[in-house]
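The values are calculated or read from the model by the stated rules, or taken from the named source; none is laboratory data. As the structure is a computational prediction, the values presented were derived from the model and not from experiment. Cβ placement follows ideal geometry from the backbone for every residue including glycine, while neighbour counts extend to all protein chains displayed. Surface accessibility is based on the protein's heavy atoms, side chains included, excluding ligands, DNA and RNA. Shrake-Rupley method; radii C 1.70, N 1.55, O 1.52, S 1.80 Å.
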Amino acid sequence: MRIDRFLLIIIAAALLGTVLPVHGAGVPTMTWVSRIMLGLLFFFYGVRLKRTEALAGLRHWRLHLVILGCTFIVFPLIGLALRPLEPGVISPDLYRGLLWICLVPGTVQSAINFTSIARGNVAGAIVASSLSNILGVVATPLLAMAVMSTTGLSLSASTMGNIALQVLVPFMAGQALRTWLIGFVSRHTWLPYLDQLTIALVVYLAFSSGRREGIWHQVQPGELVTLIAISLALLAFMLWFTWTFARVLGFNRRDQIAIQFNGTKKSLTTGVPMAAVLFPGSVVGLIVLPLMIFHQAQLMACSAIAGRYARKDDAWLDTPGRSWWHHRRQGAGDAG
């Protein structure tokens, strides 16, 4: 099987974050760099998207319901179904971490990035992933209270504010300036690489954080192997389920891609701060460890899948007699 170049970049970023993590004053500096890059990323998304496509993304309510259902209904049910694994297969603390994976909202940045790389419905992905995070501010703590008996709950509006500042505001600014900047964006073919560079930076910062907190020293090697296997199985099932379920419901290929990449992703940047608020400090490290593993696994798996979808798209278009319009009409019949 052909090795995806972007996958190698992700692995290199993870190894670099583990071996040479960012420390001290570099942490806030790199955090601000990532925020600026994310702002630019969504600004150029706004420039590239036609306004008609953006409005279509807002109107596509069936797409949003399916993604939200996968995030806040299907995932939690799977988490509860894994309960028999503890304490025989996995410790109670690590099981709570697996359950926490199933409760947190989806990602915003990487889900949209992968949807774009795979030639999916980017406009729908932007709206759906933003809704997931906004609703997650309330839905995730309530789900945690229901299935994990969490107490001492407090909520903050900062998550919604960050989503607005990092995603919606740059995107709308790009839409407003599209008439003047679309020519510039079309001429500069290096801009799409900003997607990949941004994800690589997110991976590096996530592994750096794990190294600084010493999370890897709190689990025995055997438990870690078991945890990785369960996380990979959970990810594989959801990747299959979202693609198959979207096809059964009659979505076309572009929407199937958006559902798969948005309905399977879980946010590390949202899940870790929420866990710090909801759980005692002594168990937070073990609770977020499964999320860290799942987060990195989903980035690596989705990078390979997105590259495969894009190559299939190119191969289809290179076939004599094919057109972009014809390809999209036939999208619902593709297996991906």
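For a quick check of your reading: which helices (runs of 4 or more DSSP H) sit entirely within region 1-115 and have at least 1 residues that are modelled with pLDDT of 85 or more?
5-19, 26-48, 61-69, 75-81, 92-103
Suppose we filter region 61-94 for residues that are open to solvent by 80 Å² or more (accessible area, probe 1.4 Å) and polar (S, T, N, Q); how many remain?
0
Which pairs turn up if I take residues in region 85-114 that are touching a residue at least 40 places away in the same chain (Cβ under 8 Å) and look for partners that are surrounded by fewer than 23 Cβ atoms within 10 Å (Cβ to Cβ) and in a loop (DSSP other than H, G, I, E, B) with beta carbon separation below 7 Å, at least 6 apart in sequence or on another chain?
Leu98/Leu82
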